[in-house]
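The structure appears below as structure tokens.
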Amino acid sequence: MTGTRPVDAGLRLAARLGRRATPEHVIDLLLRTGAYGDGLLPRALRFGRFRRGLSLARLRELPHGADLGPLEPGVARRILHRDRRVHVDAPPFLEAFDVFARDPAAGAPREGELLLVGRREVRTNNSWMHNVPALVSGRERCVLLVHPDDAARAGVRDGDTAVLESRVHRGPVPVRVSDEMRPGVASLPHGWGHARAARFLRTAGARPGVSFNDWSDDAETESMVGQSILNGVRVRLSKAPELVAREAGVAASAAG
């Protein structure tokens with residue numbers, strides 16, 4: 001459906017009469033009922049502004065496009081307030097500001113926690129790029145960036161595989177220590193986690209990485225619109241158990 005009620009009503013009526021609309025029908029209908037359309041009038045009855053109004057057939061007669069004249073303001077007619085102004089002091093906004101003013105540190109990480117945020121890598125900006133060999137060659141890019149202070153606090157070093165834990169998920173992640181990260185914040189790249197698709201995507205499956213979404217918490221939502229919070233997820237970072245065991249074994253051998 002188009003989202004325009006009269007048009008959608010016509011499409012539903014046509015479907016009940018056995019005339020199901022194709023994408024071309026819908027495009028033609030939208031062109032003809034728009035501001036520059038021919039108003040759905042038969043060719044013999046078109047007059048005035050409808051004489052040369054747009055339709056799909058008319059557009060096909062214009063291989064170089066149609067000049068509709070200079071742009072016209074269109075926002076004003078969409079503002080429904082009587083004073084023709086955009087009102088930004090709606091009660092939900094003001095209440096949210098009050099909540100923030102009372103406790104601006106409410107979203108700060110607690111003791112021992114980090115806030116997990118996403119990022120986009122230039123060479124692997126979208127998941128489909130992970131199946132192009134030239135774009136995933138070289139160093140590993142699906143790594144958790146951590147500030148040196150936070151890495152030291154967790155006992156994790158650059159290149160280690162550590163354990164990242166949120167309320168809903170606990171899993172291994174490769175770590176890269178970087179002073180480009182702010183203390184208290186860690187970052188995983190967007191679009192990874194291809195292990196389940198390995199048999200279909202061989203290149204991506206060979207370097208599956210981990211999915212940021214596994215750690216995102218379905219109980220954490222934005223208070224005003226109810227949207228999931230996908231940046232600033234509370235997590236904890238710790239050594240992988242096998243690394244702890246290995247270090248304990250090395251220490252025992254040195255002591256013996």
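The values are calculated or read from the model by the stated rules, or taken from the named source; none is laboratory data. Since the structure is predicted, the reported quantities are computational estimates derived from the model, not experimental observations. Please note: Cβ atoms are built from the backbone with ideal geometry, for glycine as well, and neighbour counts cover all protein chains shown. For the accessible areas, the whole protein counts, side chains as well, though only heavy atoms, and no ligand, DNA or RNA atoms are used. Shrake-Rupley method; radii C 1.70, N 1.55, O 1.52, S 1.80 Å.
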- Within the stretch 68-86, how many residues turn out to be open to solvent by 100 Å² or more (accessible area, probe 1.4 Å) and within 22 Å of residue 55 (Cα to Cα)? 3
- Query: Out of the stretch 208-219, which residues are in a loop (DSSP other than H, G, I, E, B) and surrounded by fewer than 16 Cβ atoms within 10 Å (Cβ to Cβ)?
  - Reply: 218, 219
- Please list, ordered by first then second residue, the pairs with beta carbon atoms under 7 Å, 6 or more apart or interchain, first in the stretch 9-28 and more than 14 Å from residue 57 (Cα to Cα), second part of a helix (DSSP H, G or I). 21/11; 21/14
- Test: residue 156 is touching a helix residue (DSSP H, G or I) at 6+ places or on another chain (Cβ under 9 Å) and loosely packed, with under 14 Cβ neighbours inside 10 Å: no
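Residues are listed down the side, and each one gets a yes or a no for (1) modelled with pLDDT under 85; (2) surrounded by 14 or more Cβ atoms within 10 Å (Cβ to Cβ):
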{"residue": "108", "(1), (2)": "yes, no"}
{"residue": "112", "(1), (2)": "no, no"}
{"residue": "142", "(1), (2)": "no, yes"}
{"residue": "174", "(1), (2)": "no, yes"}
{"residue": "205", "(1), (2)": "no, yes"}
- Query: Name the strands (runs of 3 or more DSSP E) wholly within the stretch 87-188 that hold at least 1 residues that are over 22 Å from residue 201 (Cα atoms), under 24 Å from the mean Cα position of the chain (by Cα) and acidic (Asp, Glu)?
  - Reply: 161-165
- Task: May I ask you to list the residues in the stretch 189-207 that are touching a residue at least 24 places away in the same chain (Cβ under 8 Å), within 27 Å of residue 113 (Cβ to Cβ) and assigned to a loop (DSSP other than H, G, I, E, B)?
- Result: 190, 191, 192
- Query: Considering 134, 162, 151, which residue is farther than 20 Å from residue 211 by Cα, surrounded by 10 or more Cβ atoms within 10 Å (Cβ to Cβ) and at pLDDT 85 or above?
  - Reply: 151
- Message: Looking only at residues that are at pLDDT below 70, of a type outside the set (A, V, I, L, M, F, W, C) and open to solvent by 60 Å² or more (accessible area, probe 1.4 Å) in the stretch 5-59, which one is farthest from residue 69 (Cα to Cα)?
- Response: 42
